[in-house]
Amino acid sequence: MKTKLIVSALLASSFLGSAALAQGVTLTIESWRNDDLTIWQDKIIPAFEAEHPDIHVIFAPTAPAQYNAALNAKLEGGTAGDLITCRPFDGSLTLYDAGYLADLTDMEGMSNFGDVARSGWTTDDGSATYCMPMASVIHGFIYNKEAFDEVGVEVPATVEEFFAVLDKIKEDGNYIPLAMGTADQWEAATMGYANIGPNYWKGEEGRLGVIAGTMKLTDGGWVEAHRQLARWGAYMGDGYEAQSYPDSQNLFTLGRAAIYPAGSWELSGFNAQADFEMGAFYPPVENAGDDCYISDQVDIAVGLNAASPHPDEAKVFLDWVASSEFANLYANSLPGFFSLSNHDVMMEDPLAQEIVDWRKTCHSSLRPFHQILSRGTPGLATEYWQTSVNVIRGVQTPEEASQQLQDALASWYAPQQ
Amino acid sequence: MEKKKKRWHIAIFLAPAVLVYSALMIFPLFGTLQLSLFDKVDQQQVFVGLDNFRTLFFNERWAESFWNALKNNTWFFFINMLVQNPVGIMLAAILSSKVVRFSAFFRTAFFIPTILSFVIVGFAWKLILSPIWGIAPDLLDMVGLKSLFAPYLGLESTALTTLALISVWQFVGIPMMLIYASLLSIPDEVLEAAEIDGLTGMSAFLKIKLPLIWPSIGIISILTFVGNFNSFDLIYTTQGGLAGPNYSTDVLGSLLYRTFFGFQTQIGDINMGAALSVVMFGIILAGVSFYLFAIQSRMRRYQF
């Protein structure tokens with residue numbers, strides 16, 4: 001008797017469950033931006049659902065370092081969400097080639113994005129675009145204005161001024177000059193090498209030269225960037241070898257460090273945490289008046305899981321991502337993520353506006369090793385994490401580090417052989 | 001003559017364990033073996049024989065990572081064997097002596113880290129040893145030994161040994177408990193007889209107790225061996241997937257993780273991953289067989 005009751009209760013609940021589902025469609029977004037969970041839940045998704053009450057959206061992020069691996073496993077197992085947040089270039093291209101991402105070239109919203117914005121998620125021959133671009137991030141340095149005033153230094157424009165500022169802060173002794181550690185490795189590469197490097201390899205000129213095979217990673221600028229990076233170690237905090245990424249963020253926001261080699265994505269976190277005034281400057285150039293180059297990386301987009309049971313509803317969401325409403329909402333909810341669309345986006349955050357204005361004075365360039373050059377094994381993207389850390393710690397000379405990268409690339413990349 | 005009855009109940013009683021074990025262990029094990037003989041070409045799994053193993057051992061880069069991981073893993077095991085087990089035996093010997101007070105409290109205190117999750121242990125020690133927020137530099141400063149402090153987890157020279165010692169700290173409770181139990185099972189008459197013959201204290205331990213606990217020490221060694229060559233969690237939680245600095249804490253488990261599941265922009269390769277895990281299986285199998293056939297069969301057992 002009792003079992004019958006339980007069985008009927010279970011049956012009833014499963015019926016009720018499916019009835020609830022029939023009222024609307026639920027879309028799940030896979031993402032690595034777990035820092036943005038509350039912003040998606042409180043601002044972005046409610047704005048979308050207000051317009052489309054029949055579509056329910058769930059933002060389900062994974063930790064950044066595990067995202068690619070977890071996503072691959074989910075796609076292979078057929079359990080991935082309907083919408084896939086896309087890493088730029090080859091990370092997503094392999095997913096498209098394997099048939100996991102749908103072709104979005106013909107979507108109406110795509111016309112709101114220029115070629116550069118789409119380049120991160122377009123096939124090599126340019127025939128298909130498979131993710132709707134969302135935002136780019138810019139590298140530079142964020143500094144503590146109060147610390148600069150206290151020590152009596154100005155924003156540096158040239159490399160020598162930059163190191164003079166670091167020397168003065170170090171002498172003063174109250175602040176750690178550079179808030180960066182090498183425990184997690186990727187900061188040294190992304191916020192170090194890829195941040196200051198474009199000035200030395202002349203941005204896109206150098207990057208495309210390596211892809212075309214006309215330039216080697218052991219050529220001038222590529223080695224010089226390692227040489228500059230090697231000078232940083234002396235200005236980082238005691239025990240920086242065991243300092244992790246969150247440690248560095250906390251050191252800066254607690255006011256214990258003066259300069260933070262940054263990506264613009266830090267802004268929303270820093271605005272909430274730091275109670276001092278912050279400023280930003282772009283990577284200093286060699287001689288005053290030189291052309292400046294910044295790393296302006298197309299970073300994040302969203303695509304459609306080819307196996308999604310609700311492709312039409314997902315496309316409604318994707319078109320909304322291409323709208324000016326989303327562009328404004330996203331850029332202002334997450335200052336530091338700059339919209340890639342052609343819409344006019346007004347930014348309320350002055351520091352974010354300052355950083356995005358660097359585009360007017362400097363040449364934009366992509367991170368060096370994301371397009372094509374990480375396609376083989378060993379991929380340069382992971383390899384240069386290691387070399388960047390090694391030159392900072394002084395266990396590898398800049399020349400050896402560059403040689404290692406060149407050898408790694410030449411081992412599988414035909415134009416460099 | 002009575003016909004011999006078929007003994008169905010044996011099969012029936014064995015079935016649940018056999019089924020569960022086959023589904024969860026045997027089947028995946030052979031699945032992995034099979035995967036290691038294939039490679040993905042144009043989205044298709046193609047049989048390639050022993051090619052993956054050839055790559056693992058003879059491709060310059062793969063071989064370098066593999067031998068580095070094996071070397072680190074061996075050192076990790078070596079420290080565990082050399083520190084964890086002697087300390088465990090010592091603690092058990094002290095706790096089982098009747099003159100120690102509060103032994104129940106100490107026994108619990110030493111055992112507690114064992115029941116903590118790797119993640120908690122990893123993060124706790126990472127914080128303790130952090131040069132920025134950690135209490136280790138301050139504690140050393142208090143006793144005037146600040147100069148001894150270094151960012152232990154961040155230096156190539158010390159990171160692996162530090163991790164091994166953290167693992168020792170966490171698991172010292174297991175050898176302690178096992179040895180403690182076998183020490184308690186030694187009958188008092190034996191010890192009293194020895195005492196009458198003039199053996200007390202240290203010599204009683206070395207000549208009477210130690211020979212009686214050798215089998216337990218053997219079991220502990222094999223547990224340590226299997227545990228260490230499968231280790232991954234502690235390294236991953238404290239050093240991340242790249243097992244930094246400069247791969248100095250990379251063990252077979254973390255190399256397998258990066259190979260099989262991929263890391264950051266590196267895409268996972270299930271076939272190479274399977275080949276690596278087959279090699280790991282082989283290493284552990286060889287170690288356990290060596291123990292079973294070469295050591296355990298020669299061990300003398302005493303019965304009371």
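Annotations for the structure displayed:
- Residue in the range B:116-123 that is within 14 Å of chain A (Cβ to nearest Cβ), modelled with pLDDT of 90 or more, open to solvent by less than 30 Å² (accessible area, probe 1.4 Å) and outside any helix (DSSP H, G or I) present: no
- Qualifying residue in the range A:144-154 (condition: open to solvent by less than 20 Å² (accessible area, probe 1.4 Å) and in contact with a Leu (Cβ under 8 Å, 6 or more places away or on another chain)): no
- The number of residues in the range B:124-141 being crowded, with 19+ Cβ neighbours inside 10 Å and either hydroxyl-bearing (Ser, Thr, Tyr) or more than 14 Å from B:Tyr152 (Cα to Cα) (or both) comes to 1.
- Of the residues making up the range B:207-235, not one is within 14 Å of chain A (Cβ to nearest Cβ) and without any contact (Cβ under 8 Å) to a residue 24 or more places away in the chain.
- Any hit, the range A:142-160, residues being farther than 30 Å from A:Trp232 by Cα, in contact with a helix residue (DSSP H, G or I) (Cβ under 8 Å, 6 or more places away or on another chain) and assigned to a strand (DSSP E or B): no
- Some residue of the range A:355-365 being surrounded by fewer than 24 Cβ atoms within 10 Å (Cβ to Cβ), of a type in the set (Asp, Glu) and within 14 Å of chain B (Cβ to nearest Cβ): no
- Listed conditions (1) closer than 30 Å to A:Asp184 by Cα; (2) in a helix (DSSP H, G or I) are all met by B:Val190, apart from (1).
- Checked against (1) more than 14 Å from chain A (Cβ to nearest Cβ); (2) in a helix (DSSP H, G or I); (3) in contact with a helix residue (DSSP H, G or I) (Cβ under 8 Å, 6 or more places away or on another chain), B:Lys126 meets all criteria but (1).
- Subset of the range A:53-76 (residues that are surrounded by fewer than 17 Cβ atoms within 10 Å (Cβ to Cβ), more than 14 Å from every other protein chain (Cβ to nearest Cβ) and either in contact with a Gly (Cβ under 7 Å, 6 or more places away or on another chain) or not in a strand (DSSP E or B) (or both)): A:Pro53, A:Asp54, A:Ala60
- Boolean, A:Glu108 is in contact (Cβ under 8 Å) with a residue 24 or more places away in the chain, assigned by TED's automatic domain parsing to the domain that holds A:Leu318, surrounded by fewer than 22 Cβ atoms within 10 Å (Cβ to Cβ) and over 25 Å from the mean Cα position of the chain (by Cα): yes
- Residue match in the range A:170-189 (condition: among the β-branched types (Val, Ile, Thr) and either away from chain B (no Cβ under 14 Å) or part of a helix (DSSP H, G or I) (or both)): no
The values are calculated or read from the model by the stated rules, or taken from the named source; none is laboratory data. What you see is a predicted model, and the numbers here were worked out from it, not measured in a lab. Don't worry about glycine lacking a Cβ; one is built from the backbone with ideal geometry, like all the others, and counts go over all protein chains shown. These accessible areas exclude ligands, DNA and RNA; they are computed on the full protein's heavy atoms, side chains included. Shrake-Rupley method; radii C 1.70, N 1.55, O 1.52, S 1.80 Å.
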